[in-house]
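Undergrad: This is the structure, below, for whatever I ask next.
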């Protein structure tokens with residue numbers, strides 16, 4: 001792939017770089033997308049019917065066990081070349097901020113420092129009653145376990161259908177996007193709201209928007225540069241075109 005010279009110069013001279021990542025970059029690590037995860041015993045369930053507050057209220061054990069199974073899938077995954085390239089990119093652009101729709105924590109495991117999680121983290125837990133983040137609790141036989149403070153049920157700290165995004169995370173994401181002069185959108189379908197509006201806000205603010213995705217998306221006609229392919233292939237080449245040999 002030939003990287004356009006204009007793109008190279010744009011990235012090299014960026015002062016406020018922002019990254020928006022979606023399920024595509026995690027899929028390259030073997031993390032199934034939300035709907036692709038429905039295999040084996042879970043194939044009979046519609047994931048949109050499990051990832052709701054109502055489902056947890058009606059059958060908390062079922063929802064907990066489904067997330068426990070998904071946690072096992074995430075635990076087997078390792079950061080890929082795309083994740084590692086973003087870590088390298090941060091070395092060149094210390095102000096870089098990653099806004100991710102993914103809940104697997106692979107960016108942090110790869111070594112990225114400034115990560116805003118719009119949809120939470122599957123490996124973090126909170127009290128369903130008080131919304132308190134819980135680092136640990138005594139071992140219990142109950143499924144789900146109970147909050148050590150109020151005895152409410154413990155749930156994954158992820159955003160379910162019908163729930164709003166965490167206010168602070170959304171505010172941070174908006175600030176990072178609106179202040180950026182270059183935005184890389186990687187592996188996102190540009191369909192899930194409100195994250196899908198973030199690149200449009202960057203465009204409105206005059207930022208250069210670069211899309212990296214194997215497929216075209218609703219965003220493709222709007223961006224300045226559209227690179228077709230996987231992040232693990234394109235990002236290392238992009239970094240090399242700007243700064244020469246990289247560590248990835």
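Readers should treat all values here as calculations from the given coordinates under stated rules, not as data from a laboratory. Quantities reported herein were computed from a predicted structural model and do not represent experimental measurements. Quick reminder, even Gly has a Cβ in these numbers, built from the backbone with ideal geometry, and neighbours come from all protein chains shown.
Undergrad: Kirkwood Rh over alpha-carbon pairs of the stretch 153-205, then Stokes-Einstein at 4 °C and 1.567 mPa s: what D in µm² s⁻¹, rounded to an integer?
TA: The calculation lands on 103 µm²/s.
Undergrad: Tell me the relative contact order for the chain as a rounded percent, counting alpha carbon contacts under 8 Å between residues six or more apart.
TA: RCO, the chain: 26 percent.
Undergrad: Ranked highest first by the average count of other Cβ atoms within 10 Å around their residues, in what order do 54-63, 188-197, 161-170, 175-184 fall?
TA: Ranked from most to least packed, the peptides come out as 175-184, 188-197, 54-63, 161-170.
Undergrad: Mind checking which of 160, 69, 137 has the largest fluctuation in a GNM of the chain, springs on alpha carbons under 10 Å?
TA: Checking each option, the largest mean-square fluctuation is seen for 137.
Undergrad: Follow-up question, since we're still on this one. To the nearest 0.05, how large is the calculated FRET efficiency for residue 12 and residue 135 if R₀ is 45 Å and r is the Cβ-Cβ distance?
TA: Efficiency for this residue pair is about 0.65.
Undergrad: Let me ask something else. What three numbers, in Å, describe the spread of the alpha carbons of the stretch 83-128 along their principal axes, ordered from the longest?
TA: 41, 16, 13
Undergrad: Ok, one more. Working from Cα positions, state the angle (0 to 90°, nearest 10) between the long axis of helix 60-76 and the longest principal axis of the chain.
TA: 40 degrees
Undergrad: Set the Förster distance to 45 Å, then compute FRET efficiency between residue 150 and residue 228 from the Cβ-Cβ distance, nearest 0.05.
TA: It comes to 0.35.
Undergrad: Throw me the Rg/Rh for the chain, computed over C-alpha atoms with Kirkwood Rh, two decimals.
TA: With Rg and the Kirkwood Rh in hand, the quotient comes to 1.00.
Undergrad: Between residue 92 and residue 175, how many nm apart are label points set 7 Å from Cα along the C-beta direction?
TA: For residue 92 paired with residue 175, the spin-label model returns 2.7 nm.
Undergrad: Still on this model: Could you tell me the largest-minus-smallest coordinate of the C-alpha atoms of the stretch 129-217 on each of the three principal axes, in descending order and whole angstroms?
TA: 52, 27, 22
Undergrad: Using the number of other C-beta atoms within 10 angstrom as an exposure proxy, rank 138, 117 with the fewest first.
TA: The most exposed by this proxy come first: 138, 117.
Undergrad: Follow-up. Helix-only estimate, please: 222 nm mean residue ellipticity of the chain, summing -39500 (n - 2.57) across DSSP H runs of length 4 or more and dividing by its residues, to the nearest 500.
TA: -10000 deg cm²/dmol
Undergrad: Give the Cα extents of the stretch 1-107 along the principal axes, in whole Å, largest first.
TA: Over the stretch 1-107, Cα extents along the principal axes are 53, 26, 21 Å.
Undergrad: Want the number for residue 143 to residue 240: 0.36 nm per residue separation, take away the alpha-carbon distance, what's left?
TA: Stretched fully, the residue 143-residue 240 segment lengthens by 30.0 nm.
Undergrad: Given Cα positions, please report Rg to Rh for the stretch 26-166, the hydrodynamic radius being the Kirkwood one.
TA: Looking at the stretch 26-166, the ratio lands at 0.99.
Undergrad: Hey, what's the Cα Rg ratio for the stretch 45-120 versus the globular rule of thumb, 2.2 N^0.38 Å?
TA: 1.38
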